[in-house]
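Following: one structure in structure tokens, then a few remarks.
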Amino acid sequence: MALIDYILQKPSYGWTNENGELAVPSTRQLWNEAFSRINIFKTRKNWISMISWLMVCCMVPFFVIFFVYHFSWLLAGIIAIYSLVVMGTHGTIWFHRFCTHKSYKFSHPVWRFVTQNLVIKTFPEEIYVVSHHVHHAKSDQPGDPYNSQGGFMYCMLSDVNHQSIAKDLNEADYKKASYFLQHTGVKLNSFEQYNKWGSIATPFYTVTLWLFNWAFWYAVFYLIGGHALACALFSGAMLWFVLVRAFNYTGHGKGQEKHIDGIDFDRSNLSINQTRPGLFAGEWHNNHHLYPGSARAGFLPYQLDLAWVYIFCLYKVGAVSSYHDSKKDFLRKYATNRRQ
């Protein structure tokens with residue numbers, strides 16, 4: 001088998017059933033799997049899945065304090081903008097187009113670090129990057145870590161149930177797996193450390209960066225608008241953490257074929273172009289599946305791409321040294337068909 005077939009830790013209910021079709025677990029099975037995967041007392045190798053949920057749990061007090069002591073409709077609007085637009089666009093810029101698809105390059109590591117920490121941190125890069133490569137290789141097929149045909153909760157719990165790397169890779173396979181993160185600046189485990197921790201990223205780096213990021217942003221928001229603004233924006237980050245998992249479900253038609261002629265050109269999978277994620281975060285998802293390595297996904301005139309705006313602006317000031325843009329190729333192949 002190719003590495004992509006076993007690079008992720010297989011859930012207890014498996015990727016396929018006895019007929020070779022997608023195994024669709026019950027909600028109870030999904031939750032049992034989730035709690036098993038974050039149990040660090042069972043094995044320390046569960047630490048990175050546990051950290052992912054620990055981050056969002058640590059955001060809950062900010063939400064409670066905001067709602068009880070500082071709630072206002074103005075701050076509620078700021079939460080919506082920060083969650084849907086700022087956090088969403090950053091997710092596209094950093095996790096999606098750089099960390100996973102290497103669609104552009106930074107001219108200096110300083111700019112990479114700045115971009116990485118533009119917003120409140122919510123989960124480790126490893127959780128997203130490796131599994132997203134599998135998602136593209138197996139879109140809407142058994143083994144896709146957030147296969148929308150598995151149902152809503154299959155996607156919502158995918159970060160802990162389906163997105164961790166396998167814990168039993170050999171040295172050659174681990175080296176290939178770690179290559180997916182080498183360009184990101186994430187501190188990587190040696191093979192010996194991987195055997196101890198079960199992850200590509202080191203625990204010390206992951207936790208240190210998390211604490212630094214939160215301390216910095218809370219201080220900045222506090223200086224701008226006091227505890228009210230800081231708690232509001234941390235609440236917004238928590239909201240995005242939840243919504244991005246729902247997108248994995250809705251962005252592939254909720255498991256059904258919902259392509260629209262003249263809008264969704266990639267029919268090899270169930271991905272669709274949605275207006276809200278597209279305009280708010282540059283996530284024109286069907287376009288992205290068509291050209292996964294492109295730093296721009298908004299190809300048609302109305303498809304605003306804020307993530308591309310950021311990347312292109314950095315290119316203009318010299319912070320990005322190069323990028324790949326597939327718009328011309330898209331227009332050459334598909335624009336004529338759209339007009340007909």
Problem set entry | Positions within the stretch 190-241 being under 29 Å from Ser72 (Cβ atoms), free of Cβ contacts under 8 Å to residues at least 24 places away in the same chain and in contact with a helix residue (DSSP H, G or I) (Cβ under 7 Å, 6 or more places away or on another chain), in sequence order | Tyr218, Phe221, Tyr222
For this session: Could you pull out the residue among Phe62, Phe71, Phe35, Phe66 that is within 19 Å of Gly150 (Cβ to Cβ), among the aromatic types (Phe, Trp, Tyr) and over 20 Å from the mean Cα position of the chain (by Cα)?
Result: Phe35
Exercise. Any residue at all in the stretch 271-292 that is surrounded by fewer than 20 Cβ atoms within 10 Å (Cβ to Cβ), over 24 Å from Ala80 (Cβ atoms) and modelled with pLDDT of 95 or more?
Worked result: yes
Exercise. Can you name every residue in the stretch 228-254 that is under 16 Å from the mean Cα position of the chain (by Cα) and among the hydrophobic types (A, V, I, L, M, F, W, C)?
Worked result: Ala237, Met238, Leu239, Trp240, Phe241, Val242, Leu243, Val244, Ala246, Phe247
Problem set entry | For Tyr249: the one exception among (1) crowded, with 21+ Cβ neighbours inside 10 Å; (2) without any contact (Cβ under 8 Å) to a residue 60 or more places away in the chain; (3) aromatic (Phe, Trp, Tyr) | (2)
Problem set entry | Set Tyr310, Tyr302: member being more than 20 Å from Asn248 (Cα to Cα), of a type in the set (Phe, Trp, Tyr) and not in a helix (DSSP H, G or I) | Tyr302
Problem set entry | Pairs with Cβ under 7 Å, 6+ apart, first in the stretch 101-114 and in contact (Cβ under 8 Å) with a residue 40 or more places away in the chain and part of a strand (DSSP E or B), second surrounded by 15 or more Cβ atoms within 10 Å (Cβ to Cβ) and of a type in the set (Phe, Trp, Tyr) | Tyr104/Phe98; Tyr104/Tyr323
For this session: Identify, from the list Val130, Val110, the residue that is at pLDDT 95 or above, over 21 Å from Ala281 (Cβ atoms), surrounded by fewer than 22 Cβ atoms within 10 Å (Cβ to Cβ) and among the β-branched types (Val, Ile, Thr).
Result: Val110
Exercise. Taking the condition within 27 Å of Thr202 (Cα to Cα), surrounded by 19 or more Cβ atoms within 10 Å (Cβ to Cβ) and modelled with pLDDT of 95 or more, does Ile79 pass?
Worked result: no
Seminar exercise, completed: Among Ser131, Ser139, the single one that is of a type in the set (S, T, N, Q) and in a helix (DSSP H, G or I) is Ser131
Exercise. Within the stretch 156-175, can you find the residues that are surrounded by fewer than 19 Cβ atoms within 10 Å (Cβ to Cβ), assigned to a helix (DSSP H, G or I) and not charged (D, E, K, R)?
Worked result: Met156, Ala172
For this session: Might you let me know whether the stretch 176-190 holds any residue that is among the basic types (Lys, Arg), closer than 18 Å to Val134 by Cβ and loosely packed, with under 15 Cβ neighbours inside 10 Å?
Result: yes
Problem set entry | the stretch 106-130, subset more than 21 Å from Tyr146 (Cβ to Cβ) and among the aromatic types (Phe, Trp, Tyr), residue nearest to the chain's Cα centre (by Cα) | Phe113
Problem set entry | Complete set of residues in the stretch 252-270 that are free of Cβ contacts under 8 Å to residues at least 40 places away in the same chain, of a type in the set (A, V, I, L, M, F, W, C) and surrounded by 16 or more Cβ atoms within 10 Å (Cβ to Cβ) | Ile263
Exercise. Which of the residues that make up the stretch 17-34 are of a type outside the set (Asp, Glu) and surrounded by 14 or more Cβ atoms within 10 Å (Cβ to Cβ)?
Worked result: Leu22, Ala23, Val24, Pro25, Gln29, Leu30, Trp31, Asn32, Ala34
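The values are calculated or read from the model by the stated rules, or taken from the named source; none is laboratory data. Quick caveat, the model's predicted, so the values are computed rather than measured. Every residue, glycine as well, gets a Cβ built from its backbone with ideal geometry; the counts of neighbours run over all protein chains shown.
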